[in-house]
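Structure first, then comments.
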Amino acid sequence: MDEREFGRSGQKASVIGLGTWQLGADWGDVSDADAKAVLETAAESGVTFFDTADVYGDGRSEQTIASFLSGRPDLHVMVATKMGRRVEQIPQNYVLDNFRAWNDRSRRNLGVDRIDLVQLHCPPTPVYSSDEVFDALDTLVEEERIAAYGVSVETCDEALTAIARPNVASVQIILNPFRMKPLRQVLPAAREAGVAIIARVPLASGLLSGKYTKDTVFAADDHRTYNRHGESFDQGETFSGVDFVTGVEAAAEFSALAPEGVTPAQLALRWIIQQPGVTTVIPGARSLEQAHANAAAAKLPALPTETLDAIEELYDRRIKEQVEGRW
C-alpha cells in the first residue's frame, strides 16, 4: 500500500490506516479474538498506521494494539494515540503535569518508551489558543516521551488555529462525502504548512456503507444509539452530525454511484484519499472481512470527474445545510 509523508514528523503512514475505537468500546461488543483478527488483517493488507486513544475502552484499545505488535516484531506500524477525554473538559486540566501522567499511562498500555504520535483529543476550544498547552507538548517531545504531537478537532476553525502552531505535526478531522467543509480551507492550509491530515469518521459512522435502513436498531452500548443527538459527546461524531433518516436516504443515493465491483464504503474511502492534502484515512473495522475490504480501497483507480461531481451534488442537495453551520 502507498505511504505518505506524515507532516512535520519525519514519519510515514499508509494512505488507509485503521481506527481502533471499536476495539475498545462504544460500537457494541468486539471479542479479543476478533480484535486481533482485525489488526492482523489490516497489517497483512499493508496498513502501517493505527489510531487509538486512552479513553477507548479505558485503555483496552491501546493494550490490544500493544499485545498484537509485541508478537509481530517484523512489522513497522506508526501508532497514534490521544489524550484528554478521561477528565472534566475544562481548559484548566490541559497542563504539563496532567500530560505527563496521561502519557505515562498510555506508554504503559502501549508497552513503549516513546509514542509515535500523541494527539489532544477534541479538547475545549480555548485550548487551541493556549501557548502554555503547546509549550507543554513541546516539553513531552524534549523529554522523548513522544516523537510528535497533533490534535483531533471538531470544527474547521479549531483545525486552522492548530495548523498555525509551528510544531503541530497533524490534524485529525471528520472528512467524508457527508462532511466536505474541510476541503475548502483546512486541507489547503495544512498542505501549505506541511501538516498531516488524518481523516476520521470516514464512513459517517457506517451510513456510507449503505447497509442501514430507517428501521435499523443499534445495540444499547453503541454510540449510534446513545449519542444520536449529542447526549454524551459532540453530535458530529455520530453519523457526522447528519439526521439519521436523512443520512439513510442520502446514503442510498451515494451507494448507487459506486462502480461495479466497488462497495459504497470503498467508494467513500477512495474519495477521501483522492482529496489533495489527505495523509491517511482511518476507517474502523469489527471483522477481518471489513479490515480487508477497507485496505483494498487503496488499490482502486482514481474516481472519474463525473463521479466526483455527482458526490458533490448529492452533498450540496441533501447534507450541506445540516452540517456546515456547526462544524
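Any chance you could look up the accessible area of Val245 with a 1.4 Å probe, heavy atoms only, rounded to 10 Å²?
That residue has around 60 Å² of solvent-accessible surface.
Rg to Rh ratio, region 220-327, alpha-carbon atoms and Kirkwood radius?
Computed over Cα atoms, the ratio is 0.97.
For Met1, Met78, give me the order by solvent-accessible area with a 1.4 Å probe, most accessible first, ignoring ligands, DNA and RNA. Could the numbers behind the result be given before it?
Values: Met1 70, Met78 5 Å².
Most to least solvent-accessible, the answer reads Met1, Met78.
Keeping every protein chain in place, order Lys214, Lys82 by accessible area at 1.4 Å, biggest value first, i.e. largest first.
Lys214, Lys82
Compute the accessible area per residue over region 190-327, keeping the other protein chains in place, probe 1.4 Å, unit Å².
Values: 6050 Å² over 138 residues.
Ligands and nucleic acids excluded, the figure is 44 Å² per residue.
Please report the carbon-and-sulfur percent of the accessible area for region 67-207; probe 1.4 Å, protein heavy atoms only, DNA, RNA and ligands left out.
That fraction is 46 percent.
If you count only protein heavy atoms with a 1.4 Å probe, what accessible area per residue comes out for region 4-93, rounded to a whole Å²?
Spelled out: the 1.4 Å probe surface of region 4-93, per residue, equals 39 Å².
I'd like the distance separating the alpha-carbon centroids of region 189-220 and region 58-129, in whole Å.
Centre-to-centre distance over Cα atoms comes out at 22 Å.
Roughly what % of DSSP beta bridges within region 150-208 run antiparallel, to the nearest 5? Before the final figure, lay out the partial values.
On the way: 1 of 9 bridges.
Looking only at bridges with both residues in region 150-208, the antiparallel portion is about 10 percent.
Label 7 Å along Cα→Cβ of Leu300; region 308-323 residues with amide nitrogen under 14 Å?
Inside the label zone: 308-312.
What percent antiparallel are the DSSP beta bridges of the chain, to the nearest 5? Working shown, then result.
Numbers: 6 of 32 bridges.
Of those bridges, close to 20 percent are antiparallel.
Could you state the principal axis extents of the C-alpha atoms in the chain, from the largest down, to the nearest angstrom?
Cα spread of the chain along its principal axes, largest to smallest: 51, 41, 38 Å.
The values are calculated or read from the model by the stated rules, or taken from the named source; none is laboratory data. None of these values were measured; they are calculated from a predicted model. In this analysis, Cβ positions are derived from the backbone assuming ideal geometry, glycine residues included, and neighbour counts consider all displayed protein chains. Each accessible area value is taken on the protein alone, full model and side chains, heavy atoms only, with ligands, DNA and RNA left out. Shrake-Rupley method; radii C 1.70, N 1.55, O 1.52, S 1.80 Å.
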